[in-house]
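Presented below is the structure to which this report refers.
Nothing in this text is a laboratory measurement; each read-out follows from the coordinates by a stated rule. From a predicted model like this one, the values you see are computed outputs, not experimental measurements. Note that we place each Cβ from the backbone using ideal geometry, even for glycine, and neighbour counts take in every protein chain shown.
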Amino acid sequence: MDLKAYLVARQKEVDRALDGFLPRESAKPATIHKAMRYSLFAGGKRLRPILCVAAAEACGGERKAALPLACAMECIHTYSLIHDDLPSMDNDDFRRGRPTCHKVFGDGIAVLAGDALLTVAFEIAAAVELPRRYGLKQVVTEIAVASGSRRLIAGQVADLEAEGKPITRSGLRYIHENKTAAMLIASVRLGAMSANATAKQLEAISAFGAALGLAFQVIDDILDVTQTSEKLGKSAGKDVAAQKATYPAVIGLEKSRREAQRLTREARDALTAFGGKAETLHALANYLLDRDY
Ligand code: GRG
């Protein structure tokens, strides 16, 4: 399959849908809507929404039915990046190839833009049409738990608290499972739910998301030490400078590469149940392993 063409087409679809869901820039108060759109349309890879729609396809569903949930996950992801970049967190000046939200709009508006993106995600999800097996309660709970204090925020707390301190491999895995993998797992699960997945399909897609999520963060850690800021569109080398808990810091670069390969194999193995329908997810896992940004 032509994965590059698939990615470009899905990115365009997601961007169009997000544009329709977000209040216009001119909607009062304009500053907050400008700030939300500034970060949301700054050129992210749209990985979480693409995983969501590709998971729906793997389960025999329609991309269109998965699109609102895909957009909700991208809004939450963007909120987490805005807040992560704040001076009180990672204090970053550069994200998605441009100055961070707080650099352009100030800290107060950046906090609020993150808050508003998190909230609009639930507004988008609340309007979704669901198939027979899944209800709004399950979908909303899935999103809330993945982005809440036991998953995404738990990972961020552990990450902040680990700075400058020695960390065990299991401590590191805890951070990555929560900070990164939880959102990827929820993305594929929501896509599967929108496609009326069976319990078996949901279980398999969750195993795929968990392994892929960990692989993705191990690769992110590797790229931080091997790539330039220009290539990444965010400040490279920051993990080392901030003495962050990363795979290369704990097990070294070579072992980290092997771990990313092992996790990618684990992710691909979880897809056997879907046969040819998971071709895109399969290709995506390989592509993420080989990416250089
Ligand atoms: C502030 C609640 C809160 C959470 C922050 C997202 C996050 C948790 C921290 C950002 C730093 C980081 C390296 C997080 C791990 C997840 C990750 C690899 C984010 C970057 O995702 P990409 O590469 O980014 O998909 P784009 O910009 O392409 O969407």
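Below 14 angstrom from the Cβ of Ile143, what's the summed charge of the other residues (Lys, Arg +1; Asp, Glu -1)?
+2
Which one of Arg37, Arg132, Arg48 has the biggest mean-square fluctuation once the chain is modelled by GNM with Cα springs under 10 Å?
Arg132
Quick one: net charge of Thr198's neighbours, Cβ under 15 Å, K/R +1, D/E -1?
+4
Which Rg and Dmax, in Å, describe the Cα atoms of region 227-293?
Radius of gyration, then largest Cα-Cα span, for region 227-293: 15.0, 44 Å.
Starting from the Cα coordinates of region 3-205, work out the convex hull volume and express it per residue in Å³.
Expressed per residue, the convex hull around the Cα atoms of region 3-205 is 127 Å³.
Mean Kyte-Doolittle of at least -1.0 plus a Cα span of 20 Å or more along the axis: flag which DSSP H helices in the chain meet both, please.
3-21, 63-85, 107-126, 199-226
Along the Cα→Cβ direction, 7 angstrom out, place labels at Asp19 and Asp2. What is the inter-label distance in nm?
2.2
D for region 174-293, whole µm²/s, Stokes-Einstein with Kirkwood Rh over alpha-carbon pairs at 10 °C and 1.306 mPa s: what number?
After rounding, the answer is 106 µm²/s.
Hey, in the GNM for the chain with a 10 angstrom Cα cutoff, which one of Gly106, Gly61, Gly233 fluctuates hardest?
Looking only at Gly106, Gly61, Gly233, the largest GNM fluctuation is found for Gly106.
How many angstrom lie between the C-alpha centres of region 6-23 and region 115-136?
17
Hey, what D do you get for region 161-227 in µm²/s if you plug the Kirkwood alpha-carbon radius into Stokes-Einstein at 25 °C and 0.890 mPa s?
187
What number comes out for the charge environment of Gln156, summing +1 per Lys or Arg and -1 per Asp or Glu over other residues with Cβ under 9 Å away?
Cβ neighbours under 9 Å give a net charge of -1.
Thinking of region 67-110 as a set of Cα atoms, what percent of all their pairs are more than 18 Å apart?
That tail contains 29 percent of the Cα-Cα pairs.
For region 7-120, what ratio Rg/Rh do Cα atoms give with a Kirkwood hydrodynamic radius?
1.00
Considering only Met89, Met193, Met73, give the residue with the highest GNM mean-square fluctuation for the chain, with springs between Cα atoms whenever their separation is below 10 Å.
Met89
Within region 180-212, which residues have the backbone N less than 18 Å from the label spot 7 Å out from Arg132 along Cα→beta-carbon, could you tell me?
Answer for region 180-212: 192-202.
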